[in-house]
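> The structure's right below; bear with me while I get my questions together.
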Amino acid sequence: MNKSTSHYLVGIDLGTTHTVVAYAAVNDPNKQIHLFEIPQLIALGEVAARPLLPSVRYHPADGELSADAGFLTQQDGAVLGEAARLLGAKSHGRLVTSAKSWLSHTAVDHTAAILPWGSDESVFKVSPLEASASYLRHVRTVWEQHFIDAPLNKQQVVITVPASFDESARSLTLEAAKMAGLQDVRLLEEPQAVCYDWLRRHAGSIKPSLGDSRLLLVCDVGGGTTDLTLIKIERGDDEPKLTRIGVGDHLMLGGDNIDLALAHLAESRLRVGDKKLSTADLSQLLEQCRIAKERLLADDAPQQLPITLLGGGSKLIGGSRSTSITGEEVRQIALDGFLPLSTLQELPDKKRSGVVEFGLPYAAEPAISKHIAAFLHLHAQAAKTALADESIAPDALLLNGGVFRSPALVQRIIELLSRWRAGKPPLLLNNQHPELAVAYGAVSYAIARLDKKIKIGGGAARSYFLLVDDGDKQIRRGVCILPKGSEEGQEVLLNDRQFALRVGQPVRFHLLSSSGDGNYQPGEIVDIDEERFHSLPPLAVAFEGQEKVEVAVQLLATYSEVGTLQLQCVSVADDRQRWDVEFQIRKKAATAVSTELPSQLPQALEKIQAVFGAKSKQIDPQAVKTLRADLEKILAAPRGDWPTPVLRELFGALLEGGKYRRRSEQHERLWLSLSGFCLRPGFGYPLDDWRVEQLWKLYPEGLQFVNEKQNWTEWWTLWRRVAGGLNTEAQQRIFKDIAKFINPAAARQAGVAKQLAMRGYEDMVRLAAALERLPVADKIQLGGWLLKRLEKAGEPDSSWWALGRIGGRILFHGNNHDVIAPAIAADWLAQLLKADWKKQPQAGFAATLLARRCDDRARDIDDDLRLKVLEKLKQTKAAVSWQEMVAEFKQLDESQEKQIFGEALPPGLRLI
């Protein structure tokens, strides 16, 4: 960032509920901080500047707003500002909220247009990344209208993020800033920003204001997250020394959850019978409950407020229903539900299942009190050291976030900590503007950096580890590559570990982080447990250049100036030669059990090279026929028992010999069969994305022996097995190639029917069902074709299975937003319920997948219909496991996974 051209220091709080901007002039000797009031549409046709920009977007219907109705700064026509909230509270499924929470959600593609979640196809959608970028883009636009000579991308900009954001959520925030035209920004953790704001307001009196306090808890409860930070306070001659010693893990729990609990209360009073409200209706209720909560928790609150659910379409007024929520109900939910007076030993209940609403996986335990207790236990040693006694409860407290505008909630958390401290209340540091403090603090931090007077030490909030395989299958171990507390710009080279990187083939690094106690040293080996260590998105690097060249490298870790972990591969031969290792932002999590490779593996690889190698022309043709049996003999196990690491090693040899697969029809058939078997399910093991990418390059080449029916079977089976690793474009390409064979109208054409006899209809249907990333419109079309075919006798059983895969509520490898709407699933189920499930068990299995419970209102079918499916499963004595999948949300066991995937998954592969 070129400081000489900056006129302003700008802080942006990109919040879940609101976005706030503050600034100070660089040349102002007093560095006075000002709030930038953000011009926005506050009602149709009325624009005004406001301190807060709601972090929401309203997507109007075609023709709903005339061109001169207001201030549409977004190119896509979305409305931002207070007016968006007002319109959203009166509309069905047109309001985008909580984009920030979506950035840390692992089960979606952050670049896919999925918001507003649960809205129908008539509403245009945006990605979480684009939604976040649009708020920053709006800020940039209005800033530059006000400060014509000081473009925002030329200023020193600090954007705040939750301390709990992991590396990929931070990377996504930086990407959103880049999309908004802000290239060079710095990230700051929100609790630290709140603390910097307090320090600035108490400049000159920090020591007396802190008194004898030794340990400060910053508790920031925003709209979507609860963010916790511990800061050690050490006495100094002039001012106390502050060091951040602990941050909390990501906790999707905040004011939104209180609103949601109130919306569920209102829903229970408004719904007719047992029928749940739609996602759009609940969204409308949620907005009204948020407004009601804020008014009912205020000092001058009325006793109760009305909540009205408007009808839809022509019934907008006539179809409305009303109820009311009292101040007492709000206090009971907020205080007893979210801040109960639990003990320091009461920790979150890990057995509870999490709440999924609007597609977001909220924390299973709603009691923030218990999460604070767990956080203090996680940092117990650091807390005891700071307090210089055996206590772990902090003696100072700084609160932030919209919920703490309520005096009742502030009083409750003081009472909670007083109980934990044997009746001694903590020192409450004043925060008169909990919704503005983060933005002010971001500017205070920028001033401290400019003046080289950083007030809060602590460096990296987490320790980072590289997973290492030392042959022990029972215990996972990691080597520390960057200890907690490492300062900005400090380089840590892993001296005693080298990696041989082969040009043209990527190497994957499996990283973990830990924010808890532990004084780790670089290079130290530690045992990894799931409680204290969290997996990060994988890191991969591939060097371009001539193949067969290997470069010996070491790993260099740095805590970057923007507040993220940076990794480089450094050449051992020349440390000036470095390659950046980039985070792959948010790939679906999967773990693979480490397994030692068998000593006879080289012999097995030689067998493959003998058949699919340059010299294999001289090999006995019989070797092709016996290769599979030979491999089983060498590895002393049937192929179904070959563990994942062995399978992937075998695939490497097959990929290398891929160009020789066309030597004969037997070569081709065997190569396709073994390759698909060794790479299934196409994801879940390190480097699988790269392997599938290399395999996909062969798809355009097609089959060599097109008149061999068995070769076609192996061709389709290969792509079905690895479909989970194919991106949307690849899956669409396959679907386009097979659609005419499945479409009943097209399949009757003479030319298609002739090809169909050779190419294998059933194999194509099974492949089509595995294409879970297809656009929903293609899935609906595919399901319609299969239902039409299933009306006639002679359709194979696999078509029922395929229908279930296509319409499943929970996908095997696809994202949650790839699921077809419940209304479509209901139409399909109406036809399935007419079938005889005793004669056709696969029809019952298809119904199970379509009715499977996932506890997400946007994907779950209607309760009445689900009960009908459950009743029929019981009547037909269907498997108990099927009944359980419909009755309650549950993870699949191995046999159910096998049934949905179509065959067994590799041993040692555990998909999450």
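> Please give the peptides 370-382, 161-173, 600-612 ranked by average Cβ packing (other Cβ atoms within 10 Å per residue), highest first, as a rough proxy for protection. Walk me through the numbers before you get to the answer.
Details: 370-382: 20.1, 161-173: 24.1, 600-612: 18.4.
Taking the mean over residues of other Cβ atoms within 10 Å, the ranking is 161-173, 370-382, 600-612.
> Classify segment 756-912 as rounded, prolate or oblate, taking a ≥ b ≥ c as the square roots of the eigenvalues of its Cα gyration tensor: rounded when a/c is under 1.5, otherwise prolate if a/b is larger than b/c and oblate if not. Could you put the intermediate results ahead of the total?
Values: a/c = 1.26, a/b = 1.09, b/c = 1.15.
The shape class here is rounded.
> Skipping prolines and chain starts, which residues have an amide H placed within reach, meaning under 5 Å, of the one on I33, given they are 5 or more residues away or on another chain?
Residues meeting the amide H criterion: none.
> Taking 0.36 nm per residue of sequence separation and subtracting the Cα-Cα distance, how much length would be gained by fully extending the chain between D62 and A757, in nm to one decimal?
Details: separation 695, 0.36 × 695 = 250.20 nm, distance 4.75 nm.
Fully extending the segment from D62 to A757 adds 245.5 nm.
> At S268 and Q381, where each label point lies 7 Å from the Cα along Cα→Cβ, what is the point-to-point distance in nanometres?
It is 4.5 nm.
> In whole Hz and in residue order, list the ³J(HN,Hα) couplings for segment 123-135 that follow from phi through the Karplus curve 6.51 cos²θ - 1.76 cosθ + 1.60, θ = phi - 60°; x for Gly and Pro.
8, 6, 10, 10, 7, x, 5, 5, 4, 4, 5, 5, 5
> Given axes a ≥ b ≥ c from the Cα gyration tensor, I'd like to know whether segment 90-192 is rounded (a/c under 1.5), prolate (a/b larger than b/c) or oblate.
On the way: a/c = 2.33, a/b = 1.36, b/c = 1.71.
Here segment 90-192 falls in the oblate category.
> If I fit a long axis through the Cα atoms of helix 841-851 and take the longest principal axis of the Cα atoms of the chain, what angle between them do I get, 0 to 90°, rounded to 10?
Rounded to the nearest ten degrees, it is 20.
> Among DSSP bridges having both ends in segment 370-514, what percentage is antiparallel? Round to the nearest 5. Don't jump to the answer; show the numbers that get you there.
Values: 9 of 12 bridges.
Percent antiparallel among DSSP bridges in segment 370-514 is about 75.
> Give me the dipole magnitude in Debye, nearest 20, for segment 122-199 about the Cα centre, with unit charges on the beta carbon: positive for Lys and Arg, negative for Asp and Glu.
Numbers: 7 positive and 10 negative charges, 53 e Å.
Computed about the Cα centre, the dipole is about 260 debye.
> Based on alpha-carbon centroids, what's the gap between segment 238-309 and segment 779-818 in Å, whole number please?
38 Å
> Going by average Cβ density within 10 Å per residue, which order do the peptides 335-347, 182-194, 642-654 take, highest to lowest? Each step should come with its number before you reach the end.
On the way: 335-347: 15.8, 182-194: 23.6, 642-654: 21.3.
Listed from highest to lowest mean packing, they are 182-194, 642-654, 335-347.
> Counting every Cα pair in segment 232-312, what percent are over 20 Å apart? Write down the numbers at each step before the final one.
Values: 1712 of 3240 pairs.
Everything past 20 Å amounts to 53 percent.
> Which whole-Hz ³J(HN,Hα) couplings does segment 483-488 yield from phi under the Karplus relation 6.51 cos²θ - 1.76 cosθ + 1.60, θ = phi - 60°, glycine and proline marked x?
These are the phi-based 3J(HN,Hα) values: x, 4, x, 4, 7, 3 Hz.
> Also, quick follow-up: Please report the antiparallel percentage of DSSP beta bridges with both residues in the chain, rounded to the nearest 5. Before the final figure, lay out each step's value.
Numbers: 83 of 104 bridges.
Within the chain, antiparallel bridges account for around 80 percent of the total.
> Moving on. Lys/Arg Cβ at +1, Asp/Glu Cβ at -1, dipole of the chain taken about the Cα centre: which of W785, L376, I528 is farthest positive-ward?
Among W785, L376, I528, the one farthest towards the positive end of the dipole of the chain is W785.
> Please state the charge dipole magnitude for the chain, taken about the Cα centre, from unit charges on C-beta atoms (+1 on K and R, -1 on D and E), reported in debye and rounded to the nearest 20.
Working: 110 positive and 114 negative charges, 460 e Å.
My answer is approximately 2200 debye.
> If you look at just the Cα atoms of segment 588-726, how large are its Rg and its Dmax in Å?
Values for segment 588-726 (Cα only, Rg and Dmax): 14.5, 45 Å.
> Quick check on packing: order 257-267, 427-437 by the mean number of other C-beta atoms within 10 Å, highest mean leading. Working shown, then result.
Working: 257-267: 22.7, 427-437: 17.7.
Output ranking for 257-267, 427-437: 257-267, 427-437.
> Follow-up question, since we're still on this one. Suppose we keep just the DSSP beta bridges with both residues in segment 3-188; what percent of those would be antiparallel, to 5? It would help to have the intermediate numbers written out before the result.
Details: 21 of 30 bridges.
Once the DSSP bridges in segment 3-188 are tallied, antiparallel ones form about 70 percent.
> Taking amide hydrogens as modeled 1.01 Å from N in the peptide plane, which residues meet the under 5 Å criterion relative to S55, leaving out close sequence neighbours?
Under 5 Å from the amide H of S55: H18, T19.
> Can you find, among F683, A636, N707, the residue farthest towards the positive end of the dipole of segment 601-707? Put +1 on the C-beta of Lys and Arg, -1 on that of Asp and Glu.
Farthest towards the positive end: N707.
> Sticking with this structure for a sec: Which whole-Hz ³J(HN,Hα) couplings does segment 722-733 yield from phi under the Karplus relation 6.51 cos²θ - 1.76 cosθ + 1.60, θ = phi - 60°, glycine and proline marked x?
So the Karplus estimates, Gly and Pro as x, are 9, 4, x, x, 8, 7, 4, 4, 5, 5, 5, 4 Hz.
> Moving on. Given segment 3-188 reduced to its alpha-carbon atoms as identical point scatterers, what log10 I(q)/I(0) does the Debye formula return at q = 0.10 Å⁻¹?
Those come out to -0.39, one per q.
> Same structure, new question: Quick check on the exposure proxy: order L86, L718 from fewest to most C-beta atoms within 10 angstrom.
L86, L718
> Determine, for S324, S515, S101, the number of other Cβ atoms within 10 Å of each Cβ, and report the residues in order from fewest to most.
Values: S324 14, S515 22, S101 25.
Ascending number of Cβ neighbours within 10 Å: S324, S515, S101.
> Sort I634, I333 by Cβ crowding within 10 Å, fewest neighbours at the top. Could you put the intermediate results ahead of the total?
On the way: I634 17, I333 21.
If I rank by nearby Cβ atoms, fewest first, I get I634, I333.
> Between L44 and A25, what is the label-to-label distance in nm when each label sits 7 Å out along the Cα-to-Cβ direction?
4.2 nm
> With +1 on the Cβ of every Lys and Arg and -1 on the Cβ of every Asp and Glu, and nothing else charged, how large is the dipole of segment 588-726 about its Cα centre, in debye rounded to the nearest 20?
Numbers: 20 positive and 16 negative charges, 61 e Å.
Result for segment 588-726 is approximately 300 debye, rounded to the nearest 20.
> At q = 0.05 Å⁻¹, what log₁₀ I(q)/I(0) does a Debye calculation on the Cα points of the chain give, no solvent, two decimals?
For the requested q values the scattering log ratios are -0.32.
> Let me ask you something else. Suppose the chain between Q694 and Q521 were pulled fully straight at 0.36 nm per residue; how much longer would it get relative to their current alpha carbon spacing?
On the way: separation 173, 0.36 × 173 = 62.28 nm, distance 3.87 nm.
Net length gain for the segment: 58.4 nm.
> Return the long-range amide H neighbours of E189 (sequence gap of 5 or more, or a different chain), with a cut-off of under 5 Å between placed amide H atoms.
Hits under the 5 Å cutoff: V161.
> Report, in deg cm²/dmol and to the nearest 500, the calculated mean residue ellipticity at 222 nm for the chain, where each DSSP H run with n ≥ 4 adds -39500 (n - 2.57) and the sum is divided by the residue count.
Values: 30 runs with 334 residues, N = 912.
Helix-only estimate at 222 nm: -11000 deg cm²/dmol.
Rule-based calculations on the coordinates, nothing more; no lab input. Small disclaimer: the values here were computed from a predicted structure and weren't measured. FYI the Cβ positions are ideal-geometry reconstructions off the backbone, even for glycines, and counts take in every protein chain you see.
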